[in-house]
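Contents: one structure, followed by commentary.
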Amino acid sequence: MHETHEVRIHGRGGQGAVLACSILAHALIDEGKHAVAIPSFGFERRGAPVAAFLRFDSAPIRAMTNVYHPDCVVCIDPTVPRTVDIFAGMKPGGTVVLTTKEKLADLKFPDFVARIGLCDAVGIALSIYRKPVTNAVMLGAFARTSGLLTLAALKEALQQMDFRDAGLSENLSAAERGYNETNVHDVHDVQKVAHAAAVA
């Protein structure tokens, strides 16, 4: 029994959300899956909110439309959730991967979100690139949080892609740090702990 996974990546124009989708598709294909990256054909002025989409499955994929009900949402810019409802249409039990320095207790999520990955991708990117280029970092964060992709496959895909603004060693380091420095939370477990603490 196969199941199609759908991912929506939110960012701003010029940040590489579409490129991130393409890299993910390459990595998943290298791991034997069928994958399709679908760029958003909307208003992509630099700095304006944009979204890119990815579908993957163990079987061939026919749907080429935008993703309206994602299993996973990845946001590569910490300011986008202030102006865009990144949770719109998410399936119950979905996964969210965010660029943020905030702690889980300081953030709010809809009840239907089951797993959350938090990564200070801007801080990591600034230490590697000297600028807030977060897409490679957040690919690592996605791999760690979702468990749907190995770090090895992600690194292999990065080696096949052409980045204009950075060298391969920086991108590999960014992905690895994103993978290793993402805090993953199962929200149901967190809610149980909070309830136990309140009862005590």
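Each value in this text was obtained by applying a stated rule to the coordinates, not by laboratory testing. Just so we're clear, the structure is a prediction, and the values are computed from it rather than from any experiment. Ideal geometry is used to build each Cβ from the backbone, glycine not excepted, and the neighbour counts take in all protein chains shown.
At-a-glance table
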{"item": "Condition check for residue 59: small (Gly, Ala, Ser) and assigned to a strand (DSSP E or B)", "result": "no"}
{"item": "Total residues in the stretch 17-56, condition part of a helix (DSSP H, G or I) and either without any contact (Cβ under 8 Å) to a residue 12 or more places away in the chain or within 16 Å of the chain's Cα centre (by Cα) (or both)", "result": "13"}
{"item": "Every residue from the stretch 1-18 that is crowded, with 21+ Cβ neighbours inside 10 Å and either farther than 19 Å from residue 63 by Cβ or polar (S, T, N, Q) (or both)", "result": "10, 11, 15, 16, 17"}
{"item": "Pick from the stretch 161-174, criterion of a type outside the set (A, V, I, L, M, F, W, C) and assigned to a helix (DSSP H, G or I), ranking: farthest from the chain's Cα centre (by Cα)", "result": "169"}
{"item": "Every residue from the stretch 107-139 that is farther than 22 Å from residue 23 by Cβ and of a type outside the set (Asp, Glu)", "result": "107, 108, 109, 110, 112, 113, 114, 116"}
{"item": "Boolean, residue 85 is touching a Gly at 6+ places or on another chain (Cβ under 9 Å), part of a loop (DSSP other than H, G, I, E, B) and within 21 Å of residue 14 (Cα to Cα)", "result": "no"}
{"item": "Which numbered condition residue 178 misses (of (1) over 12 Å from the mean Cα position of the chain (by Cα); (2) among the small types (Gly, Ala, Ser); (3) surrounded by 20 or more Cβ atoms within 10 Å (Cβ to Cβ))", "result": "(1)"}
